[in-house]
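Step one of this worksheet: look at the structure below.
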Amino acid sequence: MAIQGFVDWRGNPVNKKRHGGVRTSYFIYFMVVMGNIAHMANVLNLVKYLHGTMHMGISSSSTTVTNFIGAACGFSLLGAFVSDSFITRFKTILIFGPVAFLGYALLALQAHLPSLHPSDCEINGQQKNCEQVHGFNSALLCIALYTIALGEGCVRAALPSLGGDQFDDKDPAESQLKVSFFNWFTFGISLGGFIGLTLVVWIENNKGWDIGFGVSSLTILLGLVAVASGASFYRIQITKGSPLTRILQVFVAAFKNRKLVLPENLDQLQHNSEDMDGIEGLPHTKGFKFLDKASINHGDTGTWSCTVTQVEETKIVLQMLPVLISSVLGYISSPLLVTFTVQQGSTMNTKLGKIHISPATLFVIPLIFQMVILVIYDQFIVPFARRITGYVGGVTILQRVGVGFAASALATCVAALVERKRKNLVEEHGLEDFETGVPMSVFWLGVQFFLTGIVDVTSFVGLLEFFNGEASRGMKSIGTAIFWCVVGLASLLGTLLVDMVNKATRDGDGGRGWLEGTNLNKSHLDRFYWLLTVLELAALLNYLYWARRYVYRHDPRVPQELTEIDDKVSSQTGEVVAV
């Protein structure tokens, strides 16, 4: 049975029995694991490299990392545009994956050659003999980081969408398998992060940054080989031009027709409610009536108008905007909490017996939690909750996201309390001029790490599924890119917030802002965490308002006559546990 809008890698019609489904997910899962071995380890440990090897200050190290995260998410829009419009999601991965490989290779080269980075110096004390990276070396560092951001950003826009394409939303069994796919996709992210934080971080801290970056580049290459090897099994979408162009056409046509009156009979609109040429046909919906004027049928006059499907694609994007904006505000604290927690841990006692634990390695705590809870959630909680609530995913997607934002507010509150205790010990032992040696176990940070894990299990998976699932077929990569933009914009706003806080507090503390300088012991990170807590609570209330008003494009409830397929789906998803 062929599926409209998809072909195989040779351009032939796809068959459900031979293409798509659970088996194609394995190739994608492997790429996810390999990619996140490199990405997760380096995002969480990069601040140590910038501060310890490149000798950048506290706030500049943090903002460089958040800018890098933001750039990677921003580049996902480019990848989404290209993959939805011109070269398909599969080809986007094959083209831009090697770009990420090149970026890690440049970082490895810079870390290996002494002439390309500052000379070693005494990291403890006043650091007067430490020279910050500058000139050509600084430019090379930026080129390497943003090359990685370009490659990873484009791949991350296409990869989840390619996976989602393997399941037919109109098939009840496959639609439930698609929910499971995003849970296991996130499991792959967590598993890759776990391996990266225990292997790559150890290599970078003990064997050298050059070897660590080199291993990262090799994992990217292995992932690309795996995705390419599954080419004959994929359902590949038919590209039919830019969805952004179609949206722009709607606004132009609606403006030109603004003085016209909508016909009482909707049949007089320029209809295209059936799937045609790879574009999903969308029925007319209420709301945003001013856009409906773009589809007024002018008959044979030759006047240009849009189809109802084009108008409905535009409505979908506008309907998601409030959720997008409120989610950005709710996610601001997450990248900041990640980078500053690593810097907190760098000043503390990192010993576990005779073993030194890297602060970045502590992120295995939320990652282990994520993997365990995702298995339990997907295999037991979802089927059980589905029978009680009637929702395909056990709860609605936006309810799941809201739980994560509440956990985020709690995480910053706990982080503020832990930082206050750390600062008290610094003052008691007179360690203000030192950057290490605080007599406090790094495992005090475990609670905020744990809560960060809850955020990823709930909000991360929920938003990824929401923006990909609500987008029309021709905009799946755009939907995924919108999700990454939530993370990216939150990172960039976090950078802006750090700068604003430093400027606002500079005159009140001897000319130093709360987060300025190279010594965390002289900063006021605890006050900053309290500020984040207040902002997160306000963002949570704002999110709940818009989430309650949102109307899903696809009914999240399971049709009564289809509930008996749960047992069939459970038996099929059980195969995925072996990943």
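The values are calculated or read from the model by the stated rules, or taken from the named source; none is laboratory data. Just so you know, these numbers come straight off a predicted model, no measurement behind them. When we count neighbours, we look across all protein chains shown, and the Cβ atoms used for this are built from the backbone with ideal geometry, even at glycine. Side chains included, ligands, DNA and RNA excluded: accessible areas come from the protein's heavy atoms. Shrake-Rupley method; radii C 1.70, N 1.55, O 1.52, S 1.80 Å.
General observations
- The single condition from (1) open to solvent by less than 20 Å² (accessible area, probe 1.4 Å); (2) under 22 Å from the mean Cα position of the chain (by Cα) that A173 fails is (2).
- Positions within region 54-66 being at pLDDT 85 or above and polar (S, T, N, Q), in sequence order: T64
- Some residue of region 72-86 being buried (at least 19 other Cβ atoms within 10 Å of the Cβ), modelled with pLDDT under 90 and charged (D, E, K, R): yes
- Exactly one residue out of Q370, Q343 is more than 20 Å from the chain's Cα centre (by Cα) and surrounded by 19 or more Cβ atoms within 10 Å (Cβ to Cβ), and it is Q343.
- A count restricted to region 316-363 and to residues that are at pLDDT 80 or above and of a type in the set (A, V, I, L, M, F, W, C) stands at 15.
- Residue among I69, I28 that alone is assigned to a helix (DSSP H, G or I), of a type in the set (A, V, I, L, M, F, W, C) and open to solvent by 10 Å² or more (accessible area, probe 1.4 Å): I69
- Look at region 441-464: where a residue is within 17 Å of A416 (Cβ to Cβ) and in the same structural domain as P335 (by the TED database) and a partner is open to solvent by less than 10 Å² (accessible area, probe 1.4 Å) and polar (S, T, N, Q), sitting 6+ places away or on another chain with Cβ atoms under 6 Å, you get L445/T341; V455/S408.
- Considered as a group, the residues in region 400-443 that are among the polar types (S, T, N, Q) and part of a helix (DSSP H, G or I) include one that is surrounded by the fewest Cβ atoms within 10 Å (Cβ to Cβ), and that residue is N424.
- Of the set (1) aliphatic (A, V, I, L, M); (2) in contact with a Ser or Thr (Cβ under 8 Å, 6 or more places away or on another chain); (3) in a loop (DSSP other than H, G, I, E, B), all apply to L260 but (2).
- The residue that is surrounded by the most Cβ atoms within 10 Å (Cβ to Cβ), among those in region 444-468 that are over 30 Å from L77 (Cα atoms) and not aliphatic (A, V, I, L, M), is Q448.
- Just so you know, in region 567-579 the residues that are open to solvent by less than 50 Å² (accessible area, probe 1.4 Å) and among the hydrophobic types (A, V, I, L, M, F, W, C) include one that is modelled with the lowest pLDDT, and it is V576.
- Only one of the listed residues (L222, L248) is in a helix (DSSP H, G or I), under 17 Å from M34 (Cβ atoms), at pLDDT 80 or above and open to solvent by 60 Å² or more (accessible area, probe 1.4 Å). That residue is L222.
- Of all residues in region 34-66, those satisfying the criterion of being part of a helix (DSSP H, G or I) and among the aliphatic types (A, V, I, L, M) are M34, I37, A38, M40, A41, V43, L44, L46, V47, L50, I58, V65.
- Top-ranked residue in region 539-558 [being under 25 Å from K178 (Cα atoms) and without any contact (Cβ under 8 Å) to a residue 60 or more places away in the chain; ranked as nearest to the chain's Cα centre (by Cα)]: R548
- Per-region count, region 194-210, residues open to solvent by 40 Å² or more (accessible area, probe 1.4 Å) and free of Cβ contacts under 8 Å to residues at least 40 places away in the same chain: 2
- Hits in region 35-57 (condition: over 16 Å from the mean Cα position of the chain (by Cα) and farther than 15 Å from V364 by Cβ): L46, V47, K48, Y49, L50, H51, G52, T53, M54, H55, M56, G57
- Among the residues making up region 140-167, none is surrounded by fewer than 22 Cβ atoms within 10 Å (Cβ to Cβ) and touching a strand residue (DSSP E or B) at 6+ places or on another chain (Cβ under 9 Å).
- Search result, residues across region 204-239 that are closer than 20 Å to S25 by Cα and of a type in the set (F, W, Y): F233, Y234
- Among the residues of this structure, D168 counts as one that is touching a helix residue (DSSP H, G or I) at 6+ places or on another chain (Cβ under 8 Å), among the charged types (D, E, K, R) and in a loop (DSSP other than H, G, I, E, B).
- Residue tally, condition modelled with pLDDT under 50 and open to solvent by 60 Å² or more (accessible area, probe 1.4 Å), over region 530-566: 1
- Selection from region 225-238 of residues that are crowded, with 19+ Cβ neighbours inside 10 Å and part of a loop (DSSP other than H, G, I, E, B): G230, Y234, R235
- Residue match in region 398-411 (condition: modelled with pLDDT under 90 and small (G, A, S)): no
To keep it simple, each residue is scored yes or no on (1) within 26 Å of the chain's Cα centre (by Cα); (2) closer than 30 Å to R473 by Cα.
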{"position": "F185", "(1), (2)": "yes, yes"}
{"position": "I211", "(1), (2)": "no, no"}
{"position": "L222", "(1), (2)": "yes, yes"}
{"position": "A226", "(1), (2)": "yes, yes"}
{"position": "S232", "(1), (2)": "no, yes"}
{"position": "S242", "(1), (2)": "yes, yes"}
{"position": "Q249", "(1), (2)": "no, yes"}
{"position": "K256", "(1), (2)": "no, yes"}
